[in-house]
Amino acid sequence: MAVRTFRIAVLATLAAIALPTAALSTATTAQAAPDSGLPGYQTWQKDVKKALEPTIPWLRGRVGEDGGKPAVVLDIDNTALETHYHPGRANEPVLDVAQWAHQHHVSVLFVTARTSSSSAREQLRQAGYPVDALCTREHGEGKDDGKERCRKELTEDGYTITANIGNRPTDFEGGYYEKGFKLPDYGGRLS
């Protein structure tokens, strides 16, 4: 009986020693994780929804006004797709705008700093986006120059870009759209 009591006491002591060590190890690991300075996913989604709130009312007011081919332009990374938070997954508030546009005969166009259109087009389709056109940056071309060139070419093809949605200043430089809707990039930390 004394040996059994001794074993239980030893096991209880070892468990008490191991428990704080495990807790310390977990805390150290969590503290060691790099901090990107970005908000959590739920905060980002709340901020995206707020930025997009006026988009559909704006589009509703523009549909059928000028004739031609009304269009919405979307950036891809951290705009149409949740590249930072969930790579390849649709950013639902942006997808809602794209689907509304498509249902109301507004073309859904993509302008991206990416240089490959085939992989981008496939990712967008898998995420549920209608893709009426996609324009990529040319090799050696700056992001702002490439996006401006793309919007210019799309307008030359007869599209009227009524809404331009992106999350970086380069998504809006150079014009060729009526109204811009900027999603958060948190001071450039969310590219």
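A short reminder: the numbers here are calculations on the coordinates, not readings from a lab. Please read all numbers here as calculations on a predicted model, not as lab measurements.
Let me make sure I get this right: for the range 57-191, a, b and c are the square roots of the gyration tensor eigenvalues over alpha carbons, sorted descending. Under 1.5 in a/c it's rounded, otherwise prolate if a/b > b/c, else oblate. Which is it? Provide the component values of the computation, followed by the final result.
Numbers: a/c = 1.43, a/b = 1.21, b/c = 1.19.
Since a/c stays below 1.5, the shape of the range 57-191 is classed as rounded.
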As straight-line cross-link partners of Lys182, the qualifying lysines (C-alpha separation under 21 Å, not fewer than 8 residues apart within one chain) are Lys46, Lys49, Lys50, Lys143, Lys147, Lys152
Note: His105 to Gln45 extended length (0.36 nm per residue) minus current alpha-carbon separation gives 18.9 nm
